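Since the structure comes first, as structure tokens, the remarks are kept for the end.
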Amino acid sequence: MQAIVIEDEAQIRRGIVNCVDWIKYGFENVLEASNGETGLELIKKEKPSVVLLDICLPKISGIELLEKLKSEAISTRIIILSGYDYFEYAQKAISFGVDAYLLKPASPEKIERELEKIFRPDLIFFSQNETLKKTNSDKTINEPYPYADEKKLLENLRASQYENSVLYFNKIVEYLRAQKGTDMAKTAKSRLLNIIRQMYNIVIELDGDICDAFGSEDQIEKCSNFEKIGQFKEMILDMIQNLCKYIDKKLYYKYNPILRQILLHIEENYKDLELSLSSISEMLNMNSSYVSQFFKKHKGETLMAYIIRYRIEKSKALLAATDMKILDIALEVGFSDSHYFAIRFKNLTGITPTDFRSRYN
């Protein structure tokens with residue numbers, strides 16, 4: 001079976017694709033679309049079993065897409081994702097016979113609950129109390145999958161307990177290596193892919209960034225062609241180490257009062273043209289040299305570099321979602337000079353603000 005996720009916000013879309021345990025519900029492939037027009041074309045071409053559909057989309061809205069599906073008699077299961085808790089939207093969607101209406105942000109668990117209602121889990125997955133079926137190839141009966149160890153692994157990862165996380169992961173690897181049969185090879189791959197998805201989910205729970213945690217977000221793509229458990233083991237052990245380090249940093253930022261105060265002040269005052277090392281030091285009633293060294297030590301970049309990067313990230317949303325002039329956007333995010341804003345934007349993104357807006361649209 002195939003699923004399609006139609007969502008214009010890239011981070012939300014990638015989170016759904018990477019963190020939902022699709023294989024558990026029998027899905028072999030999950031496709032993506034960032035606008036309604038592309039999404040409709042994909043639906044017609046691929047005939048998916050389920051579509052996760054945002055209401056507000058570029059080119060063709062989610063409601064318009066539903067209307068086109070109905071007019072062309074195209075049948076598929078639909079789960080609506082909406083940032084709007086409005087009765088009229090829900091009523092309109094329900095009139096098209098959608099299967100579920102979820103408010104964003106919808107966690108992977110909420111999405112999986114809806115998938116559970118719609119689809120039965122694939123037969124190669126087993127509950128804790130089930131034993132595996134005989135395979136045609138070797139007629140052996142395998143032991144049940146150690147879900148308890150997987151649960152302990154995830155608990156220890158959330159607590160940033162590196163050694164215990166490795167211990168429980170190795171137990172899972174030992175179990176998978178001891179099993180036999182063609183179906184078990186598929187199950188081993190799907191369970192290891194699911195562990196990676198759950199690690200992504202832990203980062204998202206922390207309001208973190210998958211690329212910051214693991215260096216990239218293409219681990220699932222990289223290991224989709226792995227055939228040996230050892231290949232998965234090497235990658236996942238590296239991810240466990242990186243995730244524990246990342247969580248330690250996140251917790252430090254959360255509980256270090258000075259760093260937390262600086263970051264919160266920037267978040268609340270990034271539009272202020274006067275925001276600077278001097279103004280922040282004055283707010284903290286601390287020496288500016290100390291604040292500068294403290295921030296560089298704990299964030300790995302200078303305070304002003306962080307402020308500029310934060311402002312540029314805010315400007316991206318305005319470039320993508322509004323028709324504001326670039327001069328006005330520069331002022332809105334704290335740059336008094338639009339030319340300087342354009343230079344810093346290109347330094348950080350590799351393209352000009354105008355090119356960024358064109359590419360997004």
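Below is a table of values for the structure above.
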| item | result |
| --- | --- |
| Within the range 208-219, considering residues that are touching a helix residue (DSSP H, G or I) at 6+ places or on another chain (Cβ under 9 Å), in a loop (DSSP other than H, G, I, E, B) and within 14 Å of residue 14 (Cα to Cα), the one modelled with the lowest pLDDT | 217 |
| Yes/no for residue 57 being out of contact with any Phe, Trp or Tyr (no Cβ under 8 Å at 6 or more places or on another chain), surrounded by 21 or more Cβ atoms within 10 Å (Cβ to Cβ) and assigned to a helix (DSSP H, G or I) | no |
| Helices (runs of 4 or more DSSP H) (entirely within the range 79-161) containing at least 3 residues that are out of contact with any Asp or Glu (no Cβ under 7 Å at 6 or more places or on another chain), at pLDDT 70 or above and closer than 20 Å to residue 176 by Cα | 147-158 |
| Search result, residues across the range 20-34 that are surrounded by 18 or more Cβ atoms within 10 Å (Cβ to Cβ) and either out of contact with any strand residue (DSSP E or B) (no Cβ under 7 Å at 6 or more places or on another chain) or not in a strand (DSSP E or B) (or both) | 20, 21, 22, 23, 24, 25, 27, 34 |
| All helices (runs of 4 or more DSSP H) inside the range 228-307 with 2 or more residues being hydroxyl-bearing (Ser, Thr, Tyr) and modelled with pLDDT of 90 or more | 277-284, 288-299 |
| Selected residue (criterion: surrounded by the most Cβ atoms within 10 Å (Cβ to Cβ)) from residues of the range 220-257 that are among the aromatic types (Phe, Trp, Tyr) and over 21 Å from residue 164 (Cα atoms) | 226 |
| The range 273-300 - residue that is among the charged types (D, E, K, R) and surrounded by 13 or more Cβ atoms within 10 Å (Cβ to Cβ) and, of those, farthest from residue 249 (Cα to Cα) | 296 |
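The values are calculated or read from the model by the stated rules, or taken from the named source; none is laboratory data. Predicted, not measured: the structure shown is a model, and the values here were computed from it. No Cβ is skipped: glycine too gets one built from the backbone with ideal geometry, and neighbour counts run over all protein chains shown.
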